[in-house]
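Below is one structure, written out as structure tokens; the observations come after it.
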Amino acid sequence: MISHILTAVSFGIIPILYKYLLLTNINIISLLIFCKIIIAIFCILLLSIGDNLKNFNKDINYLLKNKEMFLYFILIIILTGFVYVFGQYWYFSALNNNKTNISTAIIACYPAITLILSYLYFNETITYYQLLGIIFIFTGLFLIIKEN
């Protein structure tokens, strides 16, 4: 549960930091590249902690031994990278052209989209409370858009 709270706090802080970076008038693509370089450096540093490097090597060996899994993995990684980069680009554009609190509130409807896609692709059950949450999310989204 702590990791959930820390993630929520981190995701709450990130838009503020990105907005400060966008206020420097740096091109969105340049900002995207700078941020991802720093993220890559931190990921490489994480490899040196505990068994991360050993686990990474084990995962690489597993993928190299299973060609079908390797191709599937690579395809999903490429698709994920494509969606992530364009998502980040649109995210930076939204922050750059709108108020941070409005942009973030609209963008924060993504859990509802994830819930719906999980139902469609993984046959995960949507509970009554989750459905109610989706309705609240889209009602809030409608109110935010209508107000602005």
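Observations on the model:
- Test for residue 74: is it part of a helix (DSSP H, G or I) and in the same structural domain as residue 28 (by TED's automatic domain parsing): yes
- Selection of segment 115-131 for residues being exposed (fewer than 11 other Cβ atoms within 10 Å of the Cβ) and either β-branched (Val, Ile, Thr) or within 23 Å of residue 7 (Cβ to Cβ) (or both) yields 121, 122, 125, 127, 129.
- Residue in segment 15-38 that is within 19 Å of the chain's Cα centre (by Cα), farther than 26 Å from residue 99 by Cα and without any contact (Cβ under 8 Å) to a residue 24 or more places away in the chain present: yes
- The single condition among (1) modelled with pLDDT under 90; (2) of a type in the set (Gly, Ala, Ser); (3) part of a helix (DSSP H, G or I) that residue 48 does not satisfy is (3).
Yes or no, residue by residue, for (1) outside the structural domain of residue 27 (by TED's automatic domain parsing); (2) of a type in the set (Phe, Trp, Tyr):
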{"residue": "81", "(1), (2)": "no, no"}
{"residue": "84", "(1), (2)": "no, yes"}
{"residue": "89", "(1), (2)": "no, yes"}
{"residue": "119", "(1), (2)": "yes, yes"}
{"residue": "126", "(1), (2)": "yes, no"}
{"residue": "132", "(1), (2)": "yes, no"}
{"residue": "135", "(1), (2)": "yes, no"}
{"residue": "147", "(1), (2)": "yes, no"}
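- Qualifying residue in segment 53-67 (condition: surrounded by fewer than 13 Cβ atoms within 10 Å (Cβ to Cβ), of a type outside the set (D, E, K, R) and within 19 Å of the chain's Cα centre (by Cα)): no
The values are calculated or read from the model by the stated rules, or taken from the named source; none is laboratory data. Just so it is clear, the model here is predicted, and its values are computed rather than measured. As a convention, Cβ positions derive from the backbone with ideal geometry for all residues, glycine included, and neighbour counts pool all protein chains shown.
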